[in-house]
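A.B. asks: The following block contains the structure, expressed as structure tokens.
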Amino acid sequence: MVSLWGRAALPHHITWRQLGAGTYVVAMEPSTNRDAGRLDARTRGALQHLSAGEQRRYALEIGALAGSEAIDAFTADAGRLAGHPARAVTEGAQ
């Protein structure tokens, strides 16, 4: 899975899991705040509000990588963007 978005607009990434009996769900979500909750965001002065009728638009790209070559290419690109070399994730994968 690949998700791309502007970090200035959505600076946090939250991953949560539902591990209920017979049900397994994973969510990976970009967010305006950490997952510590509204009280934490309010205390830090980071809680964002939308007034009645106010809108915000975000650009997100979500997709899937097909095969080890696509995964390795994406990993290399991400490493370059982060300023460090990234090794192939599929090295030695069977």
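The values are calculated or read from the model by the stated rules, or taken from the named source; none is laboratory data. Keep in mind the model is a prediction, meaning the values are calculated, not measured. Positions of Cβ are generated from backbone atoms using ideal geometry, with glycine treated the same way; all protein chains shown enter the neighbour counts.
A.B. asks: Return the total of residues in the stretch 58-80 being surrounded by 13 or more Cβ atoms within 10 Å (Cβ to Cβ) and among the aromatic types (F, W, Y).
C.D. replies: 1
A.B. asks: Now, a different point. How many residues are at pLDDT below 90, closer than 25 Å to L4 by Cβ and among the polar types (S, T, N, Q) when one looks only at the stretch 19-64?
C.D. replies: 4
A.B. asks: Can you find a residue in the stretch 4-17 that is without any contact (Cβ under 8 Å) to a residue 12 or more places away in the chain, among the aromatic types (F, W, Y) and more than 26 Å from A73 (Cβ to Cβ)?
C.D. replies: no
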